[in-house]
Amino acid sequence: MDEHLAFIEEQVDRHHEWFSKSLPMIASENVISPLARERLLSDFGDRYAEGLPGERYYQGNVFVDEVERRVVTLAEKLFRCRLADVRPISGTVANLAVYYALLEPGDIMTSVALSHGAHISSAKFGAAGMRGVNNVNYPFDVDRMNLDVDGTARLIRQVRPKVAAFGQSVFLFPTPLKELRDAFQETGCRVWYDGAHVMGLIAGGQFQDPLREGADVITGSTHKTLPGPQHGILLSDSGDEKFVKRLMKGVFPGVVSNHHLHAMAALGVTLAEHLEFGRDYAAQVVRNAKALGQALHERGFKVLAEKHGFTESHALAMDVSALGGGAQVSLAFEKANIITNKNLLPWDTSSLRPSGVRVGTQELTRLGMREAQMQEVAGLMARVAIKKEDPPRVAKDVAGLRRDFNTVHYCFHPGVPAHARLRLFR
Ligand SMILES: *Cc1c(COP(=O)(O)O)cnc(C)c1O
């Protein structure tokens, strides 16, 4: 075989081998179901479709159209809404569609600050800046790791934004949308909820229900707590046809042409599986996160929002500045095959030296872990970061824990290895 092909195959195989004996705890990742993974390999990934089913610019979409109509129906059922646009190819692209549809250069948007957990796409040097949006950040209650409700309502009344944007990448507690509703109504702003991290929780009846709490539009990734393919989605329950049309035009022709049809088909599988298993999964994800928070705290970690139960989502944030800082600790975890990321915390001034580590329980939950395993996970993390044990030694016990948790749960073919080799040739 060609040397380059052999090299690439070997590296991917080694990655699979590594992840099959690791604890994948990055809060924005998940493992896709075997059926959804199959759809990713289909010929859909070789085709083009632009626009909407029945109104395409290319021929050859007869079955693509059938699938897309069904994926839309599934999404509207799962999220209980009148509009699901399944064409954004990622969460950031869904966000671009909203910028394009609802904001013009110079318009005021209010949003969460980066250091308070927001995503780069709402920053001045990210998509918001590219659109020329005048971005004003909400006040934040660090103790609760959530918006300061009174201050946020005051800010909205004061600056009267065109769009009030919410949602975070360190998303521990529900956004107080209901408490802010009067301010939204008085100022007539549009309410945009970026649910990238928590789509699977929302769909599973956990965390919060933004469309019923005042959000006009939700954008999200489909591969974080929603355990689907890497893709994006845009949702609205608005009855305002003009508004809905603007959003859809924001997606196409605004920011996508072809929308990655293999991922769109795989998303349909994920949505169907979530309708069946999503409630159990989402409830266990949150129980695991709370249990892990408590267990880490008991072993000496400084887990944020201790007085408020650490989290209501899949995610936890820890201050590890006294243990060497986020960069050093996440690297030591990696050497023990515990995969996390360093993260800015609200009081950090340098993004180069973040004092936090962020973790999530969604993927461990998909692998079948429950509260009892969260105790073990916390113990392994403490051996690395607090007792400063040699990471490769801890890695042996990480692999031991993973041995009993290596198949995908909450899907139609449970029991298939999460990191099975996919091999069509040889
Ligand atoms: C992850 C994330 C995104 C971007 O999602 P991609 O699918 O990676 O483009 C947007 N917003 C928030 C809050 C996120 O956490």
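Laboratory data are not the source of any read-out in this text; all were calculated from the coordinates shown. Quantities reported herein were computed from a predicted structural model and do not represent experimental measurements. Quick reminder, even Gly has a Cβ in these numbers, built from the backbone with ideal geometry, and neighbours come from all protein chains shown.
Amide H to amide H distances under 5 Å link ALA418 with THR407, VAL408, where only residues 5 or more positions off or on other chains count and H is placed in the peptide plane. Label-to-label distance, ASP13 versus ALA372, with points set 7 angstrom from Cα along the beta-carbon direction: 3.6 nm. Of the residues THR270, PHE125, LEU401, the one whose Cα sits farthest towards the positive end of the charge dipole of the chain is LEU401 (charges of +1 on Lys and Arg Cβ, -1 on Asp and Glu Cβ, taken about the Cα centre). Coupling constants for the stretch 109-120 follow from the phi torsions by the Karplus curve (6.51 cos²θ - 1.76 cosθ + 1.60, θ = phi - 60°), and in residue order they are 10, 9, 7, 6, 6, 4, 5, 9, x, 6, 8, 4 Hz; glycine and proline get x. Taking amide H positions as modeled 1.01 Å from N, with prolines and chain starts lacking one, the residues under 5 Å from LEU23 and 5 or more places away or on another chain are ILE338, ILE339.
Would you work out which of ALA84, THR222, PHE252 lies farthest towards the positive end of the dipole of the chain, given +1 charges on the beta-carbon of Lys and Arg and -1 on that of Asp and Glu, about the Cα centre? Of the options given, the answer is THR222. Listed by Cβ neighbour count within 10 Å, with the fewest neighbours leading, GLU213, GLU10 appear as GLU10, GLU213. Put a dot 7 Å past the Cα of TYR48, heading toward its Cβ, do the same for LEU275, and the two dots end up 3.2 nm apart. Averaging the sequence gap over all C-alpha pairs within less than 8 Å and six or more residues apart, then dividing by the number of residues, gives the stretch 35-272 a relative contact order of 32 percent.
Once Rh for the chain is found with the Kirkwood sum over Cα pairs, what is the Stokes-Einstein diffusion coefficient at 4 °C and 1.567 mPa s, in µm²/s?
Details: Rh = 22.2 Å.
Here the translational diffusion coefficient equals 58 µm²/s.
When the helices of the chain are scored as -39500 (n - 2.57) per DSSP H run of n ≥ 4 and the total is divided over every residue, the value at 222 nm lands at -13000 deg cm²/dmol. Counting only residues at least eight positions apart within a chain, or on another chain, the lysines with an alpha carbon under 24 Å from that of LYS388 are LYS21, LYS302, LYS335, LYS342, LYS396.
The magnitude of the dipole of the stretch 35-272, with charges of +1 and -1 set on the Cβ of Lys/Arg and Asp/Glu and taken from the Cα centre, is near 160 debye. Multiplying the residue separation of LYS302 and ASP148 by 0.36 nm and removing their Cα-Cα distance gives an extension gain of 53.2 nm. Evaluating 6.51 cos²θ - 1.76 cosθ + 1.60 at θ = phi - 60° for every residue in the stretch 343-349, the Karplus couplings come out as 8, 5, 10, x, 8, 6, 9 Hz, glycine and proline recorded as x. Considering only alpha-carbon pairs that sit under 8 angstrom and 6 or more positions apart, the relative contact order computed for the chain is 23 percent. For LEU345, nonlocal amide neighbours, meaning residues 5 or more places apart or on other chains whose placed amide H falls under 5 Å from its own, are SER355, GLY356.
From the cross-link list LYS77/LYS124; LYS77/LYS242; LYS124/LYS224; LYS162/LYS224, which pairs have alpha carbons spaced over 27 Å apart? Numbers along the way, then the final one.
On the way: LYS77/LYS124 35 Å; LYS77/LYS242 22 Å; LYS124/LYS224 24 Å; LYS162/LYS224 29 Å.
In this structure, LYS77/LYS124; LYS162/LYS224 lie more than 27 Å apart at Cα.
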